[in-house]
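Student: Below you'll find the structure I mean.
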Amino acid sequence: MVTDESQRILHLLFEYMPRIAEERKVDSLLVLMNDLGRSIVRSDRCSLWLLDKQKQELWTKVAHGVDELRIPMEVGFAGHSLTSGEPVLVKDAYLDERFDRRSDEKTHYHTKSVLAVPLKNSVGKVMGVYQAINKQGEPGYFTQKDLENLSLIAVYSAKTVESTMLNAELEATQRDIIHILGDASEYRSQETGDHIQRVAEVSYNLAKFLGLSESYCEKIRLAAPLHDLGKIGIPDAVLNKPGRLNTTEFAVMKTHSVIGREMLRASKRKLLRFAAEIAGTHHERWDGTGYPDGLKGEEIPLSGRICAVADVLDALSCPRCYKEAWPEEDVRAEFIKQRGTQFQPELVDVLLDHWELFYSGYRNRRI
């Protein structure tokens, strides 16, 4: 027989599970898990604490815009559940010697009933604690049924959080690899300091002001540092020649777009394939006279069009081995001149409309 309480819990699960399944950020996931746990057991407060082994602390995120909370890993009921691997069910915290009163004394909150359940990862090791404080409604304390319900949610939560943290670690590793490769190309070509990072930030802001989604803006920020990866394959005599390249040398230099694209396009990672698109098209021109494929207008992927503007802005505004930095008025005039020829008109308009934001970092730069 399905009771009203069972229906309530099923309704909560159907409400929260799709949102939890779609969430990719650990902080946001913790906020959702805290809200779900609080609703499931009808508590005043609920926190999903995760273990930070390096700092020997438990930490959680209780709301967006609020700093994460941290406590020593061995302290209080959460610490006991973590170290023992067993749940804690307490009717009156002040009658239990495991209770750490310092938090109540600091916040003037009064902890009464407490429920804590350990979270175990896929190999059975405790990775955190689900803790609910102060049962709302009758009987005024957490019951064995509450313990069962929170324990079931803890199993699901542990697997979800573990998977999300693993994905976050993989993404962080991928970002590190991208920056290492980008730094390698920058080092070989003796580019001005932080060139790849500046191109990434300008690309991000161009995409943002163009009205593109935050996910796309972030993707181009992550991939743009690899736009010149192919310079790794260009001979030093060409790459770092102090002066204008002759026809033969320029033909060699132009191959860096193809080299970079070919190095990246075979990857199974979507972000690296996106970077391949940028590497292969950021020297195409809106009028079709660019390289390597002579693409024209919207034949050029948007990512390449955006990065082309960012790359040229940085190249003109900073000194290189073959030139001095251009004066600001000349840089601005060049973009006006190349609107609709080298660059997509709308992108030049975005750049000029927000010129102060884009150019302010280049003023009086000494590199």
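The values are calculated or read from the model by the stated rules, or taken from the named source; none is laboratory data. These figures come from a predicted structure and were not determined experimentally. Using ideal geometry, Cβ is built from the backbone for each residue, glycine included, and neighbour counts are taken over all protein chains shown. When the accessible area is computed, the model is the full protein with side chains, heavy atoms only, and any ligands, DNA or RNA have been set aside. Shrake-Rupley method; radii C 1.70, N 1.55, O 1.52, S 1.80 Å.
Student: Looking only at the range 112-145, how many residues end up being part of a loop (DSSP other than H, G, I, E, B) and either modelled with pLDDT of 95 or more or over 18 Å from Leu58 (Cβ atoms) (or both)?
Tutor: We begin by selecting, within the range 112-145, every residue part of a loop (DSSP other than H, G, I, E, B); these are 112-113, 121-125, 136-143.
Then drop every residue that is not either modelled with pLDDT of 95 or more or over 18 Å from Leu58 (Cβ atoms) (or both), which leaves 112-113, 122-124, 136-143.
Qualifying residue count, the range 112-145: 13.
Student: Tell me, please, whether a residue that is without any contact (Cβ under 8 Å) to a residue 60 or more places away in the chain and acidic (Asp, Glu) can be found in the range 310-319.
Tutor: There is no residue in the range 310-319 that is without any contact (Cβ under 8 Å) to a residue 60 or more places away in the chain and acidic (Asp, Glu).
Student: Given the conditions (1) touching a residue at least 60 places away in the same chain (Cβ under 8 Å); (2) touching a helix residue (DSSP H, G or I) at 6+ places or on another chain (Cβ under 6 Å); (3) among the hydrophobic types (A, V, I, L, M, F, W, C); (4) open to solvent by less than 20 Å² (accessible area, probe 1.4 Å), and given that Phe142 satisfies all but one, which numbered condition is not satisfied?
Tutor: Result: Phe142 passes all but (2).
Student: Run Leu316 past the list (1) in a helix (DSSP H, G or I); (2) within 18 Å of His195 (Cβ to Cβ); (3) under 29 Å from the mean Cα position of the chain (by Cα) and report the number of the one that doesn't hold.
Tutor: (3)
Student: Among (1) of a type outside the set (Phe, Trp, Tyr); (2) in contact (Cβ under 8 Å) with a residue 40 or more places away in the chain; (3) in a helix (DSSP H, G or I), where does Arg45 come up short?
Tutor: Every condition holds for Arg45 apart from (3).
Student: List the residue pairs whose Cβ atoms are under 7 Å apart, where the first residue sits in the range 15-41 and is closer than 13 Å to Ser163 by Cβ and in a helix (DSSP H, G or I), the second is aliphatic (A, V, I, L, M) and open to solvent by 30 Å² or more (accessible area, probe 1.4 Å), and the two are 6 or more positions apart or on different chains.
Tutor: Once the first residue is closer than 13 Å to Ser163 by Cβ and in a helix (DSSP H, G or I) and sits in the range 15-41, its partners that are aliphatic (A, V, I, L, M) and open to solvent by 30 Å² or more (accessible area, probe 1.4 Å) give Val26/Met165; Val26/Ala168.
Student: List every residue pair whose Cβ atoms lie under 7 Å apart, where the two residues are 6 or more positions apart in sequence or sit on different chains, the first residue falls within the range 248-269 and is among the β-branched types (Val, Ile, Thr), and the second residue, located anywhere, is not in a loop (DSSP other than H, G, I, E, B).
Tutor: Listed pairs, sorted by first residue: Val252/Val238; Val258/Gly230; Val258/Gly280; Ile259/Gly230; Ile259/Gly233.
Student: Among what's in the range 259-275 and is of a type in the set (Gly, Ala, Ser) and either modelled with pLDDT of 95 or more or assigned to a loop (DSSP other than H, G, I, E, B) (or both), pick the residue that is surrounded by the fewest Cβ atoms within 10 Å (Cβ to Cβ). It would help to see each step written out before you state the result.
Tutor: In the first step, residues of the range 259-275 are kept if they are of a type in the set (Gly, Ala, Ser); the result is 260, 266-267, 275.
Cutting the leftovers down to either modelled with pLDDT of 95 or more or assigned to a loop (DSSP other than H, G, I, E, B) (or both) gives us 266-267.
Details: Ala266: 9, Ser267: 14.
Ranking the candidates gives Ala266 first.
Student: Could you count how many residues in the range 335-354 are closer than 22 Å to His283 by Cα and either surrounded by fewer than 16 Cβ atoms within 10 Å (Cβ to Cβ) or in contact with a His (Cβ under 8 Å, 6 or more places away or on another chain) (or both)?
Tutor: Of the residues in the range 335-354, 8 are closer than 22 Å to His283 by Cα and either surrounded by fewer than 16 Cβ atoms within 10 Å (Cβ to Cβ) or in contact with a His (Cβ under 8 Å, 6 or more places away or on another chain) (or both).
Student: Please work out if Leu170 is modelled with pLDDT of 70 or more, among the aliphatic types (A, V, I, L, M) and assigned to a helix (DSSP H, G or I).
Tutor: Taking the combined requirement at face value, the residue does not satisfy it.
Student: Filter the range 321-349 down to the residues that are free of Cβ contacts under 8 Å to residues at least 12 places away in the same chain and among the basic types (Lys, Arg), then identify the one that is nearest to Lys208 (Cα to Cα).
Tutor: Among them, the one singled out is Arg339.
Student: Let me ask something else. May I ask you to list the residues in the range 280-325 that are open to solvent by 20 Å² or more (accessible area, probe 1.4 Å) and among the polar types (S, T, N, Q)?
Tutor: Of everything in the range 280-325, just one residue is open to solvent by 20 Å² or more (accessible area, probe 1.4 Å) and among the polar types (S, T, N, Q), namely Thr289.
Student: Further, regarding this structure: Go through the residues of the range 52-72 one by one and say whether even a single one is crowded, with 19+ Cβ neighbours inside 10 Å, modelled with pLDDT of 90 or more and assigned to a helix (DSSP H, G or I).
Tutor: no
Student: Additional query: Of all the residues that make up the range 204-226, how many are part of a loop (DSSP other than H, G, I, E, B) and open to solvent by 60 Å² or more (accessible area, probe 1.4 Å)?
Tutor: We begin by selecting, within the range 204-226, every residue part of a loop (DSSP other than H, G, I, E, B); these are 210-213.
Cutting the leftovers down to open to solvent by 60 Å² or more (accessible area, probe 1.4 Å) gives us 211, 213.
So the answer is 2.
Student: Please find, within the range 227-258, the residue that is most open to solvent (accessible area, probe 1.4 Å) out of those that are more than 33 Å from the chain's Cα centre (by Cα) and polar (S, T, N, Q).
Tutor: Taking the candidates together, the pick is Thr247.
Student: Check Ser47 against each of (1) loosely packed, with under 12 Cβ neighbours inside 10 Å; (2) of a type in the set (Ser, Thr, Tyr); (3) in contact with a helix residue (DSSP H, G or I) (Cβ under 8 Å, 6 or more places away or on another chain) and name the one condition it does not meet.
Tutor: (1)
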